[in-house]
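The values are calculated or read from the model by the stated rules, or taken from the named source; none is laboratory data. Model, not experiment: these values are computed from the prediction. No Cβ is skipped: glycine too gets one built from the backbone with ideal geometry, and neighbour counts run over all protein chains shown.
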Amino acid sequence: MRARNLLLFASLSAASPAAGQEFIPPDRPPQPPPPQAPQPQRAGTGFIVGVLAFSTRAGAQVNADNQVVLGSTIDIAQLGAPGFRLRPSFEVGFGRPDNSLAINVEGVYRFQDDDAQAIPYIGAGVGYYDDNRVKRGWPTFVFGFELAYSRTTSWLIELHALDGVDRTRVLIGLATRGASR
């Protein structure tokens, strides 16, 4: 009895609902298909100002002072091509010898559209660094990639080099993906 009930339950739960064809009598014209949802517009070329993306991240400064780093970026402008963006950022470092603050403005080129599964990017810019010993501006370089987590969010892994490459930070975080969606 138990085996029969189990077999009956398994066969009923595995059966898919039967799909039937709607009968349309010959004297009635067929209905037009329902309208499809509009496709999202993609970012065009040209200069666009606005919040294109936002990220928060954490990591470590690996080659000088060994600090834990927290930071954020915001893509505020598209500069001509859809993949070229202006991106200010800030990072706060905790650890030895003192806490540090880095404020940067970078031009970043993204090699893929926002809807790609993986988006590598590279960039350069200028920054200001202050750790109570060093207070000055210098060149910055950035290299990283984003991996899609959902339609509007992605994981990011980034190498951020301050002062050329004398202070290198490795960061992991989350970023929005919205400019071309």
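Residues of segment 134-169 being among the hydroxyl-bearing types (Ser, Thr, Tyr) and surrounded by 18 or more Cβ atoms within 10 Å (Cβ to Cβ), which ones? Across segment 134-169, the qualifying residues are Thr140, Ser154. Please indicate, with yes or no, whether at least one residue in segment 36-57 is under 22 Å from Gly144 (Cα atoms), buried (at least 17 other Cβ atoms within 10 Å of the Cβ) and modelled with pLDDT of 90 or more. Yes, some residue in segment 36-57 is under 22 Å from Gly144 (Cα atoms), buried (at least 17 other Cβ atoms within 10 Å of the Cβ) and modelled with pLDDT of 90 or more. Taken over segment 131-156, residues that are under 21 Å from Thr56 (Cβ atoms) and of a type outside the set (A, V, I, L, M) amount to 13.
Taking segment 153-172 only, how many residues are outside any strand (DSSP E or B) and at negative phi? Qualifying residue count, segment 153-172: 2.
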